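Q: Here it is, the structure, as structure tokens.
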Amino acid sequence: MARRLIPILKQLNNRATVWAPGRRADSRSVTYMPRPGDGTPRAVTLIPGDGIGPLVTNAVEQVMEAMHAPVYFERYEVHGDMKRVPQEVLDSIRKNKVCLKGGLRTPVGGGVSSLNVQLRKELDLYASLVNCFNLPGLPTRHENVDIVVIRENTEGEYSGLEHEVVPGVVESLKVS
């Protein structure tokens with residue numbers, strides 16, 4: 001895999017200098033992404049979460065810093081074993097309209113609703129949309145991919161409406 005990535009990264013690196021007319025081949029802009037609006041840094045709510053969540057969100061923070069992205073993070077410690085998402089966290093998400101959340105542990109059994117389900121319900125996050133497409137110049141296994149995956153995440157197993165009928169048999173309820 002690493003042998004396959006090296007030529008791709010070299011190819012992308014060479015392309016990065018081609019698209020910038022009037023710029024020397026060895027120079028780069030300090031900012032790698034266009035700044036929205038007036039370039040004022042934007043607040044992002046950050047919930048590192050549990051398990052590998054803090055590792056992943058920390059990596060995103062490092063990437064944003066390296067890119068000089070116009071964002072700063074309002075960090076909140078929320079963990080899957082908490083009973084509820086604190087109101088100040090919900091207020092921050094509503095105010096900022098952007099949240100980076102690592103995985104939160106989901107309790108097993110006992111009829112306890114996970115914080116993930118609480119966040120979806122409280123913020124009325126009906127669906128998860130993921131746009132999948134090929135990037136020009138980047139060779140991939142499949143060509144001409146351009147799809148949107150929509151995952152409904154408020155019903156069925158994502159709603160937390162499930163119960164154990166008999167030991168080892170769990171039934172999930174779907175209400176349409």
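The values are calculated or read from the model by the stated rules, or taken from the named source; none is laboratory data. All values reported here derive from a predicted model rather than from experimental measurement. Note that we place each Cβ from the backbone using ideal geometry, even for glycine, and neighbour counts take in every protein chain shown.
Q: Could you check P86 against (1) without any contact (Cβ under 8 Å) to a residue 24 or more places away in the chain; (2) closer than 14 Å to L104 by Cβ; (3) surrounded by fewer than 12 Cβ atoms within 10 Å (Cβ to Cβ) and say which number it fails?
A: With respect to (1) without any contact (Cβ under 8 Å) to a residue 24 or more places away in the chain; (2) closer than 14 Å to L104 by Cβ; (3) surrounded by fewer than 12 Cβ atoms within 10 Å (Cβ to Cβ), P86 is out only on (3).
Q: Going residue by residue through region 116-139, is there one that turns out to be assigned to a loop (DSSP other than H, G, I, E, B) and among the polar types (S, T, N, Q)?
A: Yes, there is a match, as at least one residue in region 116-139 is assigned to a loop (DSSP other than H, G, I, E, B) and among the polar types (S, T, N, Q).
Q: Can you say whether N116 is under 22 Å from G51 (Cβ atoms), in contact with a Ser or Thr (Cβ under 9 Å, 6 or more places away or on another chain) and either without any contact (Cβ under 8 Å) to a residue 40 or more places away in the chain or not polar (S, T, N, Q) (or both), as far as the supplied structure shows?
A: On the way: under 22 Å from G51 (Cβ atoms): yes; in contact with a Ser or Thr (Cβ under 9 Å, 6 or more places away or on another chain): yes; either without any contact (Cβ under 8 Å) to a residue 40 or more places away in the chain or not polar (S, T, N, Q) (or both): yes.
So N116 passes the test.
Q: Further question on the same structure: Can you work out which of the residues in region 72-100 that are closer than 23 Å to E122 by Cβ and assigned to a strand (DSSP E or B) is nearest to the chain's Cα centre (by Cα)?
A: Step by step, filter region 72-100, then rank; the result is L100.
Q: Which residues, counting only those in region 89-108, are at pLDDT 95 or above, surrounded by fewer than 17 Cβ atoms within 10 Å (Cβ to Cβ) and of a type in the set (V, I, T)?
A: Selection gives nothing.
Q: Does L125 meet the test of being closer than 20 Å to V56 by Cβ, touching a strand residue (DSSP E or B) at 6+ places or on another chain (Cβ under 8 Å) and not acidic (D, E)?
A: Considered against the rule, which asks whether it is closer than 20 Å to V56 by Cβ, touching a strand residue (DSSP E or B) at 6+ places or on another chain (Cβ under 8 Å) and not acidic (D, E), L125 comes out as no.
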